[in-house]
Amino acid sequence: MDGMLVSKSSIQGEFGSRQAEFLPPGEQLHGLFEAEYGETPFLNPTGNPIFLLLSTNFVLFVGAKRFSNNPTTVLGRVPRTAMRFLPPDNGVAHFRVSAQMQDDRGQWYQVRLKVHKMWREEATAFVTAVNASGQPQQPQAYPQQGQPQAYPQPYSPVQPHSPAPGPAPQQPQPYPQQPAPIPAPQHPPQQYPPYQQPYPQQSPQAPYPPRRGQGWS
């Protein structure tokens with residue numbers, strides 16, 4: 001009877017010593033984790049654990065014995081670039097991992113896994129590595145020596161001694177045209193009657209004749 005694999009270190013040691021049994025030729029083991037329950041297109045092992053192995057170019061699904069937890073055989077193999085994981089749905093004691101995978105005929109399948117919290121770190125790193133497989137990173141060109149490196153400027157340069165930008169000056173508004181004044185009515189000149197003397201003009205009186213004997217010779 002096979003020894004029962006319980007601890008994480010014992011499971012990792014078992015697969016480390018049996019890589020040639022599960023991995024394709026030339027592949028190296030880069031990570032693994034165990035799911036207590038898994039829905040896959042290959043097998044629905046209700047009540048049985050399932051192992052996921054990450055190699056150089058593939059994701060492998062490996063079955064396990066129910067009581068001893070020993071790996072049995074490869075249930076399926078999917079290229080890393082044909083599989084995409086959703087972010088893990090974290091829980092307290094367990095968390096769930098979901099993924100979509102595509103076969104060689106272009107058909108998509110759903111994968112759902114229930115994982116114990118002891119494998120949280122390994123499963124999170126596994127998911128990140130698989131999702132990065134289909135996204136090749138472009139090499140960054142480094143600037144040549146002696147050439148200043150241009151950095152994007154988030155703000156437009158401000159000329160020295162230039163006034164701070166402000167609202168545009170308002171143009172003076174012309175005053176509304178005043179209505180033309182109404183001309184005063186032109187009255188004809190008033191005709192007055194000729195000047196009349198209030199009293200009739202007196203005719204000059206002749207001087208009195210001198211009386212004799214009074215200053216006359």
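The strands (runs of 3 or more DSSP E) falling completely within segment 17-115 that include 2 or more residues that are within 21 Å of Thr128 (Cα to Cα), among the polar types (S, T, N, Q) and at pLDDT 90 or above map to 94-102.
Restricting segment 24-39 to residues that are farther than 26 Å from Lys117 by Cα and surrounded by 13 or more Cβ atoms within 10 Å (Cβ to Cβ), the residue that is farthest from the chain's Cα centre (by Cα) is Pro24. Summed over segment 4-16, the residues that are over 23 Å from Ala132 (Cβ atoms), in contact (Cβ under 8 Å) with a residue 12 or more places away in the chain and either assigned to a loop (DSSP other than H, G, I, E, B) or out of contact with any helix residue (DSSP H, G or I) (no Cβ under 7 Å at 6 or more places or on another chain) (or both) give a count of 6.
Here Ala129 qualifies as under 30 Å from the mean Cα position of the chain (by Cα) and on the phi < 0 side of the Ramachandran plot. Scanning segment 49-63 for residues that are buried (at least 17 other Cβ atoms within 10 Å of the Cβ) and out of contact with any Ser or Thr (no Cβ under 6 Å at 6 or more places or on another chain) turns up Pro49, Ile50, Phe51, Leu52, Leu53, Leu54, Ser55, Phe58, Val59, Leu60, Val62. Gly76 falls short on exactly one of the conditions (1) closer than 19 Å to Glu27 by Cβ; (2) surrounded by 13 or more Cβ atoms within 10 Å (Cβ to Cβ); (3) within 39 Å of the chain's Cα centre (by Cα), and that condition is (3).
The values are calculated or read from the model by the stated rules, or taken from the named source; none is laboratory data. Quick caveat, the model's predicted, so the values are computed rather than measured. Don't worry about glycine lacking a Cβ; one is built from the backbone with ideal geometry, like all the others, and counts go over all protein chains shown.
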